[in-house]
1. Let me spell out the model: positive unit charges on the Cβ of Lys and Arg, negative unit charges on the Cβ of Asp and Glu, origin at the Cα centre of the chain. What dipole size does that give, in debye rounded to 20?
2. Kindly state, as a whole number, the per residue volume in cubic angstrom of the convex hull around the alpha carbon atoms of the chain.
3. Based on DSSP loop calls and a cut-off of at most 16 other Cβ atoms within 10 Å, the longest stretch of the chain free of exposed trypsin sites (Lys or Arg not before Pro) is what?
4. Return the long-range amide H neighbours of VAL85 (sequence gap of 5 or more, or a different chain), with a cut-off of under 5 Å between placed amide H atoms.
5. Return the sequence-ordered ³J(HN,Hα) values of the stretch 8-19 in whole Hz as given by the Karplus equation 6.51 cos²θ - 1.76 cosθ + 1.60 applied to θ = phi - 60°, using x for Gly and Pro.
6. So the label point goes 7 Å from the Cα of ALA100 along Cα→C-beta, right? Which residues of the stretch 75-90 then have their backbone N under 13 Å from it?
7. Amide H neighbours of THR97 under 5 Å, counting only residues 5+ apart in sequence or on other chains, H built in-plane at 1.01 Å?
8. Calculate how many DSSP beta bridges within the chain are antiparallel, expressed in % of all such bridges and rounded to the nearest 5.
Amino acid sequence: MAHQTVSRAWDRDLVPDRLGRSRRPEPTCPVEVALGAVAGRWTTLVLRDLMPGPLSYGEVRAGLPTLSDKVLTDRLRHLVDTGLVERRVRRGFPARTEYALTPAGEQLRPLLIELYRTGQRLQQALGTTP
């Protein structure tokens, strides 16, 4: 018996262009880019806290009191390295370090909102609402 290949039309909402038509996760796929931007434990919370405006390291730390300094430093460094967050050192004594979303980082706001809403709907559908 020969194998048959099933051919399906692409869902235009899920795959509006050729970049989404890969057969495996590709770094150029827009979905992979978006997921990569928010990947990592605590990353969404750091981004959420920076959405209203710049914060010092201490202010980010105070907003997430159970987050270790090591992980916070790693997350901030990663977000700076990927161009989603800008690190600014303010003159003065003592020098003050601020973190702010870049325009690219601000593009994550609708994604974070929709992830939250989808999570709520999933909790309700699965009966796991806290």
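1. Details: 20 positive and 14 negative charges, 23 e Å.
Here the size comes out at about 120 debye.
2. On the way: hull volume 23.6 nm³, N = 130.
So the per-residue Cα hull volume is 181 Å³.
3. Values: sites that count: ARG8, ARG12, ARG21, ARG23, ARG41, ARG91.
Segment 42-90 is the longest.
4. Here VAL80, THR102 satisfy the definition.
5. Residue by residue, the stretch 8-19 yields 10, 7, 6, 6, 5, 6, 7, 9, x, 8, 5, 4 Hz.
6. Within reach of a label on ALA100: 85-90.
7. TYR57, ARG90
8. On the way: 8 of 8 bridges.
Antiparallel bridges: around 100 percent, rounded to the nearest 5.
Throughout, read-outs are computed from the coordinates displayed, never taken from laboratory work. Treat the numbers as computed from the prediction; the structure is a model and nothing was measured. Cβ coordinates were reconstructed from backbone atoms using ideal geometry, including for glycine residues, and neighbour counts include every protein chain displayed.
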